[in-house]
Amino acid sequence: MCKTIFQSFLNLFFNYLQKEQLQSQWRESFWGQKEIIVSNFTTTHSESGMSLSNPSQISCFASPPPILSFQDNTYLKISSSQKTLLMEKSPYFKILWSGNFRETLQDPLALTQKEFTHLLNCLINANFKVPLQKIPSLIQLADYYQLTEIVKNLEKQLIAECKLKKYELFNSREDSLLELKKLLNFAHQYQLNILKNYLELTVVSSLLNQTSHLTEFEKILNHFPNEIEELNFSKNTSLTDAHLLALKNCKNLKVLHLQECRNLTDAGLAYLTPLTALQHLNLAGCKFANAGLAHLTPLVALQHLNLSHCRNITDAGLAHLTPLMALQHLNLGHCSNFTDAGLAHLTPLMALQHLNLGHCSNFTDAGLAHLTPLLTLTHLNLSWCYNFTHAGLAHLTPLVALQHLNLGHCRNITDAGLAHLTPLVALTHLNLSWCYNFTDAGLAHLTPLMALQHLDLSSCFNLTDAGLAHLTPLVTLQHLDLSYCRNLTDAGLAHLTPLVALTHLNLSSYNHLTDAGLTHL
């Protein structure tokens, strides 16, 4: 039943003329009712002779009170407040009723009174429910009349209905795939990006992940060679190199998730070479080695590349990333087999904004020197990197665009190391958790970081009450973690009183805290 309804509504609303035409046609709906379908309003109506080429030519009675006429020869009086709401929410109606155009009964709005009432109800009540089979036509009308708020709300309703009836509506049968293709095209045409992402990442990806036969996998893909922009195969252990070959015709594919697809090999990555539109590639947790990364060099549009937990990658592998000059996000977390020499290959990636080197424990102070030219970096994760010292942090001082810096568990950082952070005045997030070799004197170097909002000092065992005095100028702090700082007492909390922006304060395992200390907060 649900499937029949869905197919009826798709059949009813997707068989339109091109957007440059106006079509007013009567068809029988699923319940035997007649409905008018409006596709676009840019040509002349053959029966009434009215021209609908722009908003100035669609008119109605001037207010007060506004009386609207419709193409089904009906009239509706709306209140002044409803008119005001329409003018506020729609540039179209604002122009229509601006007083610059003469409004007459001979120029009705190009929709039925029932359709207009639905739009008005949707505008007044964001939770107004529209029958599933009517949603696409109302999205078209709302889009034409520039009621973007209604378009967004109806898009959410359509997604909710698709989720509710997903298993009845979507399968690998030919008719279902054709209807899914129409729905995808509809989402593209009206820039319904949330719907498009749901259909691609959830519906299409699910159909592909559920099939165990390569021929069926290829059949599904062949229905969407131009429409598909995103696919998610994460943790699909049945995916093989042959499946990657089947992607060759998806020329518009921009986002591909292959996280923890354990059966893919270096040879399989060669099949991604034709996908030159790729911007986001997730290979986290795969077994690729250096030879596999060599096949990524033609993908010069890549902006996001996740190679975290790819433990077979060495310095030689990172050399293949050098041509990817558009990279903005690079995740190498838990890639523990590259060294300082490997980081040298990242120096040309001048567009990098996010770099994750967490748990990469083989590089040293010399390796950090290769990051100095990356002046666009805003996020840098160096957590659990044991082998660099305070001297290495000196190489970060030119990176004045840094906003997020994670140095958690970098146990060799001392007071002298924190002195190198003083120029990084754009920092909003700083993680120094488990950096237990700096003291109160080190915190004094954080005083110039007036933009700090998040500061993690958990398990910094050498801090005392005197050290917290250096935090007093950081009046923008919202999150402060002092858990497991075992030398702090009630007196230390007195230094936090000026931090009026604080919304989160972690004092767990704060052994010397009493009720008296809480009064300072």
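Worth pointing out:
- Residues in region 198-224 that are of a type in the set (Phe, Trp, Tyr) and within 21 Å of Lys182 (Cβ to Cβ) were compared, and the one that is surrounded by the most Cβ atoms within 10 Å (Cβ to Cβ) is Phe224.
- Within region 144-190, considering residues that are polar (S, T, N, Q) and part of a helix (DSSP H, G or I), the one nearest to Leu96 (Cα to Cα): Thr148
- Applying the criterion of being of a type outside the set (S, T, N, Q) and over 15 Å from His223 (Cβ atoms) to the residues of region 188-203, the residue that is farthest from the chain's Cα centre (by Cα) is Tyr190.
- Residue tally, condition in a helix (DSSP H, G or I) and closer than 14 Å to Asn356 by Cβ, over region 392-419: 0
- Scan region 462-479 for residues that are assigned to a loop (DSSP other than H, G, I, E, B) and of a type in the set (A, V, I, L, M) and the total you get is 4.
- Residue that is modelled with the lowest pLDDT [pool: residues in region 180-237 that are closer than 20 Å to His257 by Cβ and charged (D, E, K, R)]: Glu227
- Output for region 447-457, where each listed residue is surrounded by fewer than 20 Cβ atoms within 10 Å (Cβ to Cβ) and assigned to a loop (DSSP other than H, G, I, E, B): Thr447, Pro448, Met450, Ala451, Gln453
- Looking across region 480-521, the residues that are farther than 20 Å from Asp440 by Cα, assigned to a loop (DSSP other than H, G, I, E, B) and either hydrophobic (A, V, I, L, M, F, W, C) or more than 37 Å from the chain's Cα centre (by Cα) (or both) come down to Val500, Ala501, Leu502, Thr514, Thr519, His520, Leu521.
- Any hit, region 254-271, residues being assigned to a loop (DSSP other than H, G, I, E, B), in contact with a Leu (Cβ under 8 Å, 6 or more places away or on another chain), surrounded by fewer than 18 Cβ atoms within 10 Å (Cβ to Cβ) and of a type in the set (Val, Ile, Thr): no
- Exactly one residue among Phe170, Phe186 is crowded, with 16+ Cβ neighbours inside 10 Å, over 18 Å from Asn232 (Cβ atoms) and aromatic (Phe, Trp, Tyr), and that residue is Phe186.
- When Leu443, Leu430, Leu452, Leu463 are checked against the criterion of being within 25 Å of Ser361 (Cα to Cα) and of a type in the set (A, V, I, L, M, F, W, C), Leu430 stands alone in meeting it.
- Comparison of Ser81, Ser90, Ser172, Ser176 shows that the only residue that is at pLDDT below 90 and among the hydroxyl-bearing types (Ser, Thr, Tyr) is Ser172.
- So Gln189, is it touching a Ser or Thr at 6+ places or on another chain (Cβ under 7 Å) and of a type in the set (S, T, N, Q): no
- Conditions (1) among the small types (Gly, Ala, Ser); (2) touching a His at 6+ places or on another chain (Cβ under 7 Å); (3) farther than 22 Å from Leu357 by Cβ; (4) crowded, with 19+ Cβ neighbours inside 10 Å: number failed by Ser308: (3)
- Restricting the first member to region 66-94 and to residues that are within 14 Å of Leu123 (Cα to Cα), and the second to residues that are of a type in the set (D, E, K, R), the beta-carbon pairs closer than 7 Å and six or more apart or on different chains are Met87/Lys94; Lys89/Glu149.
- Per-region count, region 69-91, residues β-branched (Val, Ile, Thr) and either outside any loop (DSSP other than H, G, I, E, B) or not assigned by TED's automatic domain parsing to the domain that holds Pro108 (or both): 1
The values are calculated or read from the model by the stated rules, or taken from the named source; none is laboratory data. What you see is a predicted model, and the numbers here were worked out from it, not measured in a lab. Backbone-built Cβ (ideal geometry, glycine too); neighbour counts: all protein chains shown.
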